[in-house]
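Computed from the coordinates by the stated procedures, all read-outs in this text should not be read as laboratory data. This is a predicted model, so every value here is computed, not measured. Here the Cβ positions follow ideal geometry from the backbone for every residue, glycine too, while neighbour counts run over all protein chains shown.
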Amino acid sequence: MKNLRAAEEGGHDLNPLIPASWFEVGLSLVVFGAIVWAIGKYAVPAFEKAYAERTAAIEGGLQKAAAAQAEATEALETYQAQLADARHEAARIREEAREQGAAIVAEMREQAQAEAARITSTANAQIEAERQQAVQQLRAEVGTLATTLAGRIVGESLDDEARQSRVVDRFIAELEGEPTGAVQTNGTAR
């Protein structure tokens, strides 16, 4: 304080960085040492502990992240393998479906052809039966007409059943034996 008064009285400018006495310097050094010792004893270990925990947490997090990355990579590879297997399985199923479809089409085609052949044979049998029926009806009508015509030509009645049957059979046999459209010498068709 003395220096302050002297400086104020003497008109000197006081420099705050230069201590006024050696006692103040010593006291400042003791207080500074006590603060450094207290910080070194209590604050630095706490900072070191927090730093070590933080470093361990970061390293643990990095290890966890690396492990998670490895698991994710493994899961991706597994997924891709399953996807490839599924694609192969789908292709195999499509191919089997194509083959089954072709087999079904071939089977249906064979069934249709068999059904068409059966219908054709049934129709042919029906046509043949109808033709036989028409031939028999035609024979009966031709026989009746031939008997009537022969009776008119001969001038006697051919009502006798046995005689009529022989005349009709002989007439039909002559018709079947000659080509169609043949003409007799007198100009009548047979």
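Simple spin-label estimate for A66 and R87 gives 3.3 nm between the two label positions (7 Å along the Cα-to-Cβ direction from each Cα).
Taking the Cα centre of the stretch 2-177 as reference, the dipole from Cβ charges on Lys and Arg (+1) and Asp and Glu (-1) amounts to some 700 debye. Geometric descriptor of the stretch 2-177, per residue, is 350 Å³ (volume of the convex hull of the Cα atoms).
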